[in-house]
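Working notes, structure below.
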Amino acid sequence: AAMAGGARRLYRRILQLHRALPPALRDLGDRYVKEEFRRHRAAGPAEAQRFLREWEATLIQQQINEDKQNLREKAVYGIQLTEEKLNDFRDEQIGQLKELMDETTKPNKKMTISKDSKYKT
């Protein structure tokens, strides 16, 4: 029960931070977060803890980026992943990152995730 409450607070905080994003990025980010949290609902305790720990680290990085953006005009989104972090990812997660990168780097197009994405559950 405590884990569920912590997950809900984390989820809400991430969505709150997304409010500062441009509309297309906010939409993409919100859908991605919702999908990931849904996908991990039935995770075992160890996997759930790791999942929450990684999202908390991401949340902290988002807050740092938000604070930096308040000090400069040009907005910067995202973080660089180390090779060590990438090596910890499963093939499915690498595929999701690739799909996310492809969507966010499309020139002058509205970002969407197709409903028939092979990574959705």
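The values are calculated or read from the model by the stated rules, or taken from the named source; none is laboratory data. Quantities reported herein were computed from a predicted structural model and do not represent experimental measurements. Counting neighbours? That spans all protein chains shown, and the Cβs are built from the backbone with ideal geometry, glycine included. These area figures cover heavy atoms from the full protein model, side chains too; ligands, DNA and RNA do not enter into them. Shrake-Rupley method; radii C 1.70, N 1.55, O 1.52, S 1.80 Å.
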Within the stretch 67-78, identify whether any single residue is in a helix (DSSP H, G or I) and at pLDDT 75 or above, and answer yes or no.
no
Some residue of the stretch 4-11 being out of contact with any Gly (no Cβ under 9 Å at 6 or more places or on another chain), part of a helix (DSSP H, G or I), aliphatic (A, V, I, L, M) and modelled with pLDDT under 80:
yes
Could you check the stretch 23-57 and list, in sequence order, the residues that are open to solvent by less than 90 Å² (accessible area, probe 1.4 Å), in contact (Cβ under 8 Å) with a residue 40 or more places away in the chain and not charged (D, E, K, R)?
A24, L25, L28, Y32, A48, L52, W55
